[in-house]
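The values are calculated or read from the model by the stated rules, or taken from the named source; none is laboratory data. Please read these numbers as outputs of a predicted model, since none were measured by experiment. Heads up, the Cβs are rebuilt from the backbone with ideal geometry, glycines too, and the neighbour counts pull from every protein chain shown.
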Amino acid sequence: MINSLRTTASNPLTLLESTSTLKELHQIHAQLIVSGHLRHPRLLAKFVSLLALSQNTPHHLPYSRKILNHSPSSPTTFALNNLIRAHSKPPFNPLQAFNFYSQILHSPSLSPDNFTFTFLVRASAHLTSAAIGAASHAAALKRGHADDPHVQSSLIHMYSSFRSSTACHRLFEGIQDPDVVMQTAMIGAYAASGDIDVARKVFGEMPHRDAIAWNAMIAGYSHVGRCREALELFSAMQGESVSVSEATMVSVLTACAQLGALDQGRWAHAYIQKKRIQLTVTLGTSLIDMYSKCGSVDRAMEVFKAMPEKNVYTWSSAMSGLAMNGAGKQCIEVFELMEKEELEPNEITFVSVLRGCSIVGLVDRGLEYFDLMKSKYGIEPWPEHYGCMVDLYGRAGRLEEALQFIKSMPSKPHSGAWGALLNACKIYRNIELGELALSKILEIETMNDGAYVLLSNIYADFGNWKGVCSVRELMKAKGVRKEPGCSVIEVSGLVHEFFVGDKSHPMYQEIEVMLGEINWKLKLAGYAAKTNEVLFDIEEEEKENALIWHSEKLAIAYGLIALKEGVTVRIVKNLRVCWDCHDWTKFISKVFGREIIVRDRNRFHHFKDGVCSCKDYWRVRLEGFNELLLGKFSIVQWARVNLSYHSRKYINSGVYLKLGQKKERKSEIKDRSIPLAPPRPSDARVPPDHHLTHGVPSDHHLKPGVPPDHHLTPEFCQTTT
Ligand SMILES: [Zn+2]
Ligand SMILES: [Zn+2]
């Protein structure tokens, strides 16, 4: 270092980039003092700015503040702006930015400029207070900088992070000639508020689209769960030879994961390698997530092992992928390895590892981890952790302890915790406790449409078709709309969507012939359709006659036609698989000698040789529960307690009125892409920094967020088995 200092003494600032220790920084600072550099306010400002923004080490920013505070000459606006900028994004405290702003205001010789407000507004976006954001906006207006394009795009980003799409829209409307930066910010803002079609309109109208705009649009589609469109746009992006970055590939992998599109995911992986896109921690973690959610856990673990650098999200993703695919033991092993490497786990890590314990029935180990989480890592348990513990005790038949766990929850227990208990009660025939759990669930879920599906599922699980029928009637009376069932299969890189009774596929005739052949072969093998169940399983759209096929049957039949012999059929379904389809698929796996993997709303089902990996855990039927459901918790009783006067009137009079709810036309259903999973909370929307930092990728796109299996959390907090 000393040598290089001597040789580059003319400009020691060039060395700042490569300093990593405080000692080296002191050396450069000393050199600058000796050479007299820091006597010039302009050079001092440059040093402070470079230091503040380099962020090579955690020392740089505090050091730059100290230099400024102890300097004999007063700071320039340039230096203070850069300190505001440095504090405008995590991990630094954005409130600090306001101290430097106030320093500018209090100096007789300085006044804030457009850059001051660009960065101040950006800092405000990271504060939870919308009032502070509005105050920054007002200050920019007052000082005449609110019309600056950079300030405007920061404002759009800020209002979008406050989820205020009206404010964004108003701002955008007021801009006469929005440039690419602003249009991109607006795409992010619309996507964040769910107005993805408006975002697409803005995107379509852009005269010039750069890579950031493409990324924002693809991320937007991914974010709202319209993954097919995300992938289509990605192909279009390649067609226009726009350069593809890490941020693009993260969105593409997220879309593949949600769709369960393994072929496209594999292709994306190969593309990353071919284009030599750097496999950063975020990108690697997205790959693990994609492979796990596509049911290819071995591949996920290969990526995990090959990653040179891993963070807590990488480890959590790997564990979650293992737990999700039923590999509880390996999940625990990975956690032990993580501890050995002395990497600090977070809340998400513990959700994964507790699920892993639950799957293999290691109650004491789970309890140990639950305590460790608080005692060693100071992590306060989330409701999810309690849910896992209840499931853990429940599966082991320790129902009283499960109940105690629920009672010990610091906040009001959620339906997931009670659901885990109910599930265990079904298995261990504890009707009294089951009754309590059921009443609690209905109490919590009463305001939610999901309650109907939940109740119907409980009835269906016990084969109480009369109950299921009542729920259906009630839903009609209330005009409750339900998500239509949709199954997705990927063939040769193309994603095919099927809805219940859907005849719109170009190969429908072949599919119908195939279905006939399947049913004939299955019948010979001893399969008998459970027409009652099919008829009344509310998870699928209602079935009016036995000839309407559930979406997964259509998708599987198509898979058998279109995929080569021996290739695993992979289906992703947005709702829970019904019993009949589950049995049907088991038979196919045996009769056709084909492995079939179905990811439904709750879990993975790996069908092979007539058996499913879930071991039918979710469909326990017991005598006592029928009484429970027919008695105290009949639908009429439930409706009396929980529903509005009008609905009750219909029930009590025995008349179920249809409230004129029109069935959605197929075209409408087709137009709407089905969110197979809620978007990850990761903020893949707004790419504010790209334009201003000249190619330095913003980590906004890249936050790995919550681990992959959150969307697989079943109604009963019951994980894959
Ligand atoms: Zn079905
Ligand atoms: Zn299964």
Hits in segment 329-370 (condition: closer than 23 Å to CYS614 by Cα and over 24 Å from the mean Cα position of the chain (by Cα))
LYS329, GLU333, VAL360, GLY361, LEU362, VAL363, ARG365, GLY366
List pairs: first in segment 115-134 and modelled with pLDDT under 90, second surrounded by fewer than 23 Cβ atoms within 10 Å (Cβ to Cβ), Cβ under 7 Å, 6+ apart or cross-chain?
HIS126/LYS89; HIS126/PRO90; HIS126/PRO94; LEU127/PRO94; LEU127/LEU95; ALA130/PHE162
Might you let me know whether segment 339-362 holds any residue that is in contact with a strand residue (DSSP E or B) (Cβ under 7 Å, 6 or more places away or on another chain) and closer than 29 Å to SER251 by Cα?
no
Tabulated pairs, segment 29-55, first at positive phi, second part of a helix (DSSP H, G or I) and of a type in the set (A, V, I, L, M), C-beta under 9 angstrom, 6+ apart or interchain:
GLN55/LEU61; GLN55/ALA86
Only one of these conditions is not met by MET447: (1) in a helix (DSSP H, G or I); (2) hydrophobic (A, V, I, L, M, F, W, C); (3) at pLDDT below 75. Which number is it?
(1)
Among the residues of segment 596-606, is any modelled with pLDDT under 85, in contact with a strand residue (DSSP E or B) (Cβ under 6 Å, 6 or more places away or on another chain), outside any helix (DSSP H, G or I) and within 12 Å of ligand 2 (Cβ to nearest atom)?
no
Within segment 577-595, restricting attention to residues that are part of a loop (DSSP other than H, G, I, E, B) and crowded, with 23+ Cβ neighbours inside 10 Å, which residue is nearest to ligand 1 (Cβ to nearest atom)?
CYS578
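Here's the yes/no breakdown for (1) crowded, with 24+ Cβ neighbours inside 10 Å; (2) at pLDDT 95 or above:
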| site | (1), (2) |
| --- | --- |
| GLU232 | no, no |
| ALA247 | yes, no |
| LEU262 | no, no |
| SER292 | yes, no |
| GLU302 | no, yes |
| PRO308 | no, no |
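Report whether or not GLU541 is within 12 Å of ligand 1 (Cβ to nearest atom), in contact with a Pro (Cβ under 9 Å, 6 or more places away or on another chain), farther than 30 Å from VAL252 by Cβ and modelled with pLDDT under 85. Before you say what the answer is, go through the steps one by one.
Numbers: within 12 Å of ligand 1 (Cβ to nearest atom): yes; in contact with a Pro (Cβ under 9 Å, 6 or more places away or on another chain): yes; farther than 30 Å from VAL252 by Cβ: yes; modelled with pLDDT under 85: yes.
Answer is yes for this residue.
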Determine which member of the set VAL567, VAL591 is away from ligand 2 (no atom under 12 Å from the Cβ), without any contact (Cβ under 8 Å) to a residue 12 or more places away in the chain and either farther than 30 Å from ALA424 by Cβ or more than 26 Å from the chain's Cα centre (by Cα) (or both).
VAL567
Inspect all residues belonging to segment 270-277 and state whether any of them is more than 13 Å from the chain's Cα centre (by Cα), crowded, with 24+ Cβ neighbours inside 10 Å and either not in a helix (DSSP H, G or I) or not hydroxyl-bearing (Ser, Thr, Tyr) (or both).
no
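Just checking: which of the helices (runs of 4 or more DSSP H) contained wholly in segment 145-237 hold 2 or more residues that are under 22 Å from the mean Cα position of the chain (by Cα), within 21 Å of LEU120 (Cβ to Cβ) and of a type in the set (A, V, I, L, M, F, W, C)?
Details: elements: 149-161, 165-173, 180-192, 196-205, 211-223.
Result: 180-192.
Just to be sure, is GLU341 surrounded by fewer than 17 Cβ atoms within 10 Å (Cβ to Cβ), within 22 Å of ILE597 (Cα to Cα) and acidic (Asp, Glu)?
Working: surrounded by fewer than 17 Cβ atoms within 10 Å (Cβ to Cβ): yes; within 22 Å of ILE597 (Cα to Cα): no; acidic (Asp, Glu): yes.
No; evaluated as a whole, the condition is false for this residue.
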